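Okay, so here's the structure we're looking at.
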Amino acid sequence: MRTMADSICLKRKLKLLPANCINEGGPNSVGDGHVPSKILKDLVFAITGNFGKDRDSVFTMIKELGAGDISPTVHKRVDFLLADDDAVSSETKHIRKAVKYGVQVVSLKYLEECKDKNMRVDPAPYLYHVTLSRRKEDPAD
């Protein structure tokens, strides 16, 4: 028999619910019963890079900070692309699309600073200023 928590988890996997929806921890929790803050309320993030092979903790941090959604792709409604140095230097597909759509590319330090100060901070010091190499300027998608 499927429980309500199972249904909610399935809907989240299918991207039918926002990142901060109700789950087994209670209203607006992150799964462990922790209620997320609203620091990043209404912001949509996408992620590129390995982050030292600890991507799950990056997703958890975004959810804990109350982001509106985490998108699997970069599109014009994404506010920030969270990237690591390797993703920027290798000009991943997400990086190229961020440049194409004018999405701000920020480092993980942006999230850490928001969390430390318990407020949305100015992203300017944490922005990557991406200049694409000529061979990758025009994404074919």
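The values are calculated or read from the model by the stated rules, or taken from the named source; none is laboratory data. All values derive from a computational prediction rather than experimental measurement. In this analysis, Cβ positions are derived from the backbone assuming ideal geometry, glycine residues included, and neighbour counts consider all displayed protein chains. Each accessible area value is taken on the protein alone, full model and side chains, heavy atoms only, with ligands, DNA and RNA left out. Shrake-Rupley method; radii C 1.70, N 1.55, O 1.52, S 1.80 Å.
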Which of the strands (runs of 3 or more DSSP E) contained wholly in segment 64-131 include at least 3 residues that are not polar (S, T, N, Q)?
80-83
Search result, residues across segment 91-119 that are among the hydrophobic types (A, V, I, L, M, F, W, C), more than 12 Å from LEU132 (Cβ to Cβ) and without any contact (Cβ under 8 Å) to a residue 40 or more places away in the chain:
VAL106
Is there a residue in segment 78-89 that is free of Cβ contacts under 8 Å to residues at least 60 places away in the same chain, under 22 Å from ARG120 (Cα atoms), open to solvent by 40 Å² or more (accessible area, probe 1.4 Å) and not polar (S, T, N, Q)?
yes
Sort out which residues of segment 82-115 are more than 15 Å from the chain's Cα centre (by Cα) and aromatic (Phe, Trp, Tyr), and write them in order of number.
TYR101
Pick from segment 42-63, criterion open to solvent by 50 Å² or more (accessible area, probe 1.4 Å) and not in a helix (DSSP H, G or I), ranking: modelled with the lowest pLDDT:
LYS53
Report, by residue number, each residue of segment 64-77 that is among the small types (Gly, Ala, Ser) and open to solvent by less than 10 Å² (accessible area, probe 1.4 Å).
GLY66, ALA67
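Going through segment 80-138 one residue at a time, which ones are closer than 22 Å to SER37 by Cβ and touching a strand residue (DSSP E or B) at 6+ places or on another chain (Cβ under 8 Å)?
PHE80, LEU81, LEU82, GLN104, VAL106, SER107, LEU108, TYR110, LEU111, PRO123, TYR126
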Are any residues in segment 80-111 over 16 Å from VAL44 (Cα atoms) and in contact with a helix residue (DSSP H, G or I) (Cβ under 8 Å, 6 or more places away or on another chain), and if so, which ones?
ASP84, ALA87, VAL88, GLU91, ARG96, LYS109
Provide a single number: the residues in segment 52-72 that are more than 10 Å from the chain's Cα centre (by Cα) and under 19 Å from ASP42 (Cα atoms).
3
Within segment 122-137, can you find the residues that are surrounded by fewer than 11 Cβ atoms within 10 Å (Cβ to Cβ) and at pLDDT below 90?
THR131, SER133, ARG134, ARG135
